[in-house]
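K.L.:
Quick one: the structure is below, and I'll ask about it shortly.
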Amino acid sequence: MQENHEKILKLRQKALELPLLPGVYIMRDSSGEIIYIGKAKKLKNRVVQYFRNIKAHLPKVYQMVIRVDDFEHILCDSEFEALVLECNLIKQHTPKYNILLKDDKGYHYVKISAGQYPKITSAKQSEVVSCKDGSKFIGPYMSAFAVKQIAEDANKIFRLPTCSRRFPRDFGKRRPCLRHHLGQCSAVCSGKISQEEYMNSFSEAVKFIKGNGEIDIPELERQMQSASEALDFELAARLRDRIFAAQKIREEQKIFLNGKVNCDFVAISAGDRKCCICVIKYRKGRLCDSSQHIFDSQPPFSEMLSQFLAQYYSDADNIPREIYLNLQLEDRAVIEKLLCERSGKNVKISVPQKNEKYRLVQLAQNNAAEGLAALSKVSGREIAALDELMRLLSLESPPEYIESYDISNLGDKYIVGGMVVFEKGRPLKSAYKKFTIKDQLIQDDYCAMRQMLHRRFTEYLNAEDKTQGFGRLPDLILLDGGKGHVGAVMPVLEELGISTNVFGMVKDGKHRTRAITNGQEISISSNRSAFTLVSKIQDEVHRYTISFQQGKHKKASLVLSLTQIEGIGKAKAAALFDEFKTLKSMREASVDELCKVKGITPALAEKIKEFLNN
């Protein structure tokens, strides 16, 4: 451990000597192998971060840093030059701790089965290698989504069977399935479709696939008209059905932009250990691909997304003119310049705020959240809400552990506070806490909130276990109140040396969540997932605090009623309620059980029984 500490100090000192210029840094382990490559606008600032307070790093970064034995750097004339050099070096050396877009699932193919009545399905590369039944394959394709989509479209448009029945063996054995009644299958199983007729449709379907899903509807309409004029009404009907199916699929996949536009929608969703980036592609105005990429989580996520884009769009043919993201990039102009040079055309990167573009970015984000949810017990909706909250509040990472506070007053006597906890978007009721505000003679929400947070974080400083309860530092504090409440508690946290994110939850006239504030209001009404989560937190902390207030008031009233018994004061009455909780359980208790309470004699117990029974 001492050796590691001395090595980190040495590396930090070396980093402090770096210039404040653009460049690339190369981390090596003790064997001299390159384990990480990065670029920076200011080398000194960036590299020093790795060797300062290393225990605060995320697990992946920490593991990388403790393995660094030395580093070197290459100065560049600009941040753009540094980005290009970084991409080339990563491609050349494939360092262990860099984001690597490796596809271990292999390629995907469209399978054309053998036989008199062949079928169209999707297949993985492993199936191609092991296939020995004479089937043929169209491909390879990089995306499983693209293969399944085009095979499904071809079968629908040309009304080909997708069932497991084998023809001609299974002719007439069962009635046609639901797909036939929906107009998606010609019911080959009925035995009424000749092989020649079937193969004509099948050949057209294969042409459709080889043409990347393009179908000439005007040409089909011309053929239908010719067939009708030649009185070949059966052919005209088949062509009509084919046109209808093609038009329906186009409507289902219709993009909001006019013309045959190429654009991508890219969104990142992050958890505590993993993050997922989803890419939804439109080519020639048509949805053609959707892919998810899982990586180790490594804030800041805008920088992680920049690295992904630089590596993902390494092929000029894969770069669209427009790329829409779910968060802003600090080096957007640099990434745009890189993609422009690679593709030889203008490439625009932007973050849409409304309309259909925004909806499709949200769709990509939801898909990324679902991809992340598959790795954990958290739902995609909860991950998406925490992601939205992170971006809205400009946090470094999603707030996985949220504490919320509220104050409730009932006159000057009963002033209480409540703390609720949400972990990964869900209530953690075992961590809820109640506070009775002490030594406060008048109603003052600000003073009560200060006292509550001072007591809570004093417990945090004294706690030995920093992983649970009061020993755990929240990622985000939400106060049921406005900027006044935030301003009131910040001096308390600063005095205790607590550094965390604090915001107030602002309500409208109907007591519904309207915005979040830390001095400047941030509207959340248009961010549905974040709005739902914050509203849920605000409702829960209000309910919990009010319930505590009502319980204390009820107990005080009942204590007061017991003081009517001769020999029972407030202290003994409170002790009785602490033991039995309710009048009912006290009434049902025996004299001996009542006597177990400190100060209660058999004579007093008899009086209590008589009083309660009457």
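For every residue, the table says whether it meets (1) assigned by TED's automatic domain parsing to the domain that holds Lys434; (2) buried (at least 16 other Cβ atoms within 10 Å of the Cβ); (3) more than 17 Å from Ile402 (Cα to Cα).
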| site | (1), (2), (3) |
| --- | --- |
| Tyr460 | yes, yes, no |
| Glu464 | yes, no, yes |
| Gln468 | yes, no, no |
| Gly481 | yes, yes, no |
| Ala488 | yes, yes, yes |
| Leu493 | yes, yes, no |
| Phe531 | yes, yes, no |
| Glu540 | yes, yes, no |
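K.L.:
So, one more: Need the failing condition index for Ile565 against (1) over 28 Å from Val416 (Cβ atoms); (2) at pLDDT 75 or above, just the number.
P.N.:
Here Ile565 clears every test but (1).
K.L.:
Quick test for you: out of Val61, Val65, pick the one residue that is part of a helix (DSSP H, G or I), buried (at least 16 other Cβ atoms within 10 Å of the Cβ), in contact with a His (Cβ under 9 Å, 6 or more places away or on another chain) and in contact (Cβ under 8 Å) with a residue 24 or more places away in the chain.
P.N.:
Details: Val61 fails: in contact with a His (Cβ under 9 Å, 6 or more places away or on another chain).
The match here is Val65.
K.L.:
A further question on this structure: Output the number of the condition that Tyr36 fails; it satisfies all remaining conditions of (1) at pLDDT below 90; (2) touching a Phe, Trp or Tyr at 6+ places or on another chain (Cβ under 6 Å); (3) not aliphatic (A, V, I, L, M); (4) not in a loop (DSSP other than H, G, I, E, B).
P.N.:
All conditions are met except number (1).
Rundown of residues vs (1) in contact with a strand residue (DSSP E or B) (Cβ under 7 Å, 6 or more places away or on another chain); (2) under 26 Å from Glu396 (Cα atoms); (3) at pLDDT below 80, yes/no style:
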site: Leu58; (1), (2), (3): no, yes, yes
site: Val65; (1), (2), (3): no, yes, no
site: Asp69; (1), (2), (3): yes, no, no
site: His73; (1), (2), (3): yes, no, no
site: Glu79; (1), (2), (3): no, yes, no
site: Leu85; (1), (2), (3): yes, no, no
site: Leu89; (1), (2), (3): yes, no, no
site: Tyr97; (1), (2), (3): yes, yes, no
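K.L.:
Hey, another quick one. Please tell me if Arg455 is at pLDDT 90 or above, surrounded by fewer than 18 Cβ atoms within 10 Å (Cβ to Cβ) and not hydrophobic (A, V, I, L, M, F, W, C). Before the answer, list the steps.
P.N.:
On the way: at pLDDT 90 or above: yes; surrounded by fewer than 18 Cβ atoms within 10 Å (Cβ to Cβ): yes; not hydrophobic (A, V, I, L, M, F, W, C): yes.
Yes: the conditions hold for Arg455.
K.L.:
Does Gly411 meet the test of being modelled with pLDDT under 90 and closer than 26 Å to Ala530 by Cα? Steps first, answer last, please.
P.N.:
Working: modelled with pLDDT under 90: yes; closer than 26 Å to Ala530 by Cα: no.
So Gly411 fails the test.
K.L.:
Looking at region 175-191, I want the residues that are free of Cβ contacts under 8 Å to residues at least 40 places away in the same chain and have a partner that is among the polar types (S, T, N, Q) and in a loop (DSSP other than H, G, I, E, B) with Cβ atoms under 9 Å, at least 6 apart or on another chain. Which pairs are those?
P.N.:
Taking only residues 6 or more apart or on different chains, the pairs are Leu178/Gln184; Arg179/Thr162; His180/Ser186; Cys185/Thr162.
K.L.:
I'm checking my understanding of the structure. Among residues of region 510-529 that are in contact with a Gly (Cβ under 8 Å, 6 or more places away or on another chain) and assigned to a loop (DSSP other than H, G, I, E, B), which one is surrounded by the most Cβ atoms within 10 Å (Cβ to Cβ)?
P.N.:
Within region 510-529, the first condition is being in contact with a Gly (Cβ under 8 Å, 6 or more places away or on another chain), and the residues that meet it are 516-519.
Add one more test, that the residue is assigned to a loop (DSSP other than H, G, I, E, B), and what stays is 518-519.
On the way: Asn518: 16, Gly519: 11.
Going through the qualifying residues, I end up with Asn518.
K.L.:
Checking Lys507 against (1) within 28 Å of the chain's Cα centre (by Cα); (2) farther than 23 Å from Lys424 by Cα; (3) crowded, with 19+ Cβ neighbours inside 10 Å, which test does it fail?
P.N.:
Single failed check for Lys507: (3).
K.L.:
For region 148-175, name all the residues that are part of a helix (DSSP H, G or I) and either of a type in the set (S, T, N, Q) or not assigned by TED's automatic domain parsing to the domain that holds Leu220 (or both). Give the steps one after another, and end with the answer.
P.N.:
Step one: filter region 148-175 for residues part of a helix (DSSP H, G or I), giving 148-157.
Those that are part of a helix (DSSP H, G or I) and either of a type in the set (S, T, N, Q) or not assigned by TED's automatic domain parsing to the domain that holds Leu220 (or both): Gln149, Asn155.
K.L.:
Taking region 58-88, which residues are more than 21 Å from Asp331 (Cβ to Cβ) and over 28 Å from the mean Cα position of the chain (by Cα)?
P.N.:
Selection gives Ile66, Arg67, Val68, Asp69, Asp70, Phe71, Glu72.
K.L.:
Let me ask something else about it. All but one of (1) of a type in the set (S, T, N, Q); (2) touching a residue at least 24 places away in the same chain (Cβ under 8 Å); (3) more than 23 Å from Leu386 (Cα to Cα) hold for Asn462; state the number of the condition that does not hold.
P.N.:
(2)
K.L.:
Find the residue count for region 319-364, including only residues that are surrounded by fewer than 16 Cβ atoms within 10 Å (Cβ to Cβ), under 20 Å from Ile277 (Cβ atoms) and not charged (D, E, K, R).
P.N.:
At the first step, the residues of region 319-364 found to be surrounded by fewer than 16 Cβ atoms within 10 Å (Cβ to Cβ) are 321, 328, 330, 333, 340-341, 344-346, 348, 350-351, 353-356, 359, 363.
Among the residues that remain, those that are also under 20 Å from Ile277 (Cβ atoms) are: 328, 330, 348, 350-351, 359, 363.
Next, only the ones that are not charged (D, E, K, R) stay: 328, 350-351, 363.
The number of residues fulfilling the criteria is 4.
The values are calculated or read from the model by the stated rules, or taken from the named source; none is laboratory data. In this text, all values refer to a predicted model and were calculated from it rather than measured experimentally. Glycine also receives a Cβ, built like all others from the backbone with ideal geometry; neighbour counts cover every protein chain displayed.
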